[in-house]
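So the structure is just underneath, and the comments pick up after that.
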Amino acid sequence: MDYLGKSVTGVKIEWSVWTSWLIELPVEEALETLLNGGFKNLELSAEHLNEILARKGVPRELLDSSSIDRSLRIAAVRGRISPDTLAPVEFLHAHGPFDAFNLASKSS
């Protein structure tokens with residue numbers, strides 16, 4: 001395999017999928033569907049992260065405005081969520097306009 005113009009051997013590529021591929025599903029259903037499809041490495045979308053935060057009771061003003069309606073709608077229907085009830089998936093990356101160390105929305 002060539003990477004950046006150099007030959008690379010002995011490299012194992014592990015595919016990952018961005019969870020927004022199944023954005024129409026609540027986060028736990030999206031994770032189960034992807035895991036059952038053979039994907040063990042995922043990239044958590046900003047929408048699904050925002051949903052998790054909304055379902056954990058994070059104040060509305062700290063949620064990302066680009067997916068707040070979706071997140072609050074799912075939170076109202078599905079209720080609270082606990083990360084230990086989610087499928088055992090390794091997240092390689094999280095996408096979105098957020099700072100993991102400062103939950104104040106960057107999109108307001």
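Miscellaneous remarks
- Of everything listed in (1) at pLDDT 85 or above; (2) of a type in the set (S, T, Y); (3) farther than 14 Å from P88 by Cα, the single unmet condition for T9 is (1).
- The residues of segment 32-43 that are loosely packed, with under 10 Cβ neighbours inside 10 Å and either touching a residue at least 24 places away in the same chain (Cβ under 8 Å) or assigned to a helix (DSSP H, G or I) (or both) amount to a single one, N36.
- Single match in R55, R73, R80 (criterion: surrounded by 15 or more Cβ atoms within 10 Å (Cβ to Cβ) and at pLDDT 90 or above): R55
- Which listed residue is modelled with pLDDT under 95 and surrounded by 17 or more Cβ atoms within 10 Å (Cβ to Cβ), from A94, A87, A46: A46
- In segment 11-31, residue surrounded by the fewest Cβ atoms within 10 Å (Cβ to Cβ) [restricted to those that are charged (D, E, K, R) and under 15 Å from S82 (Cα atoms)]: E29
The values are calculated or read from the model by the stated rules, or taken from the named source; none is laboratory data. All figures in this text were calculated on a predicted structure; none of them were measured in a lab. So basically every Cβ, Gly included, is an ideal-geometry build from the backbone, and we count neighbours across all protein chains shown.
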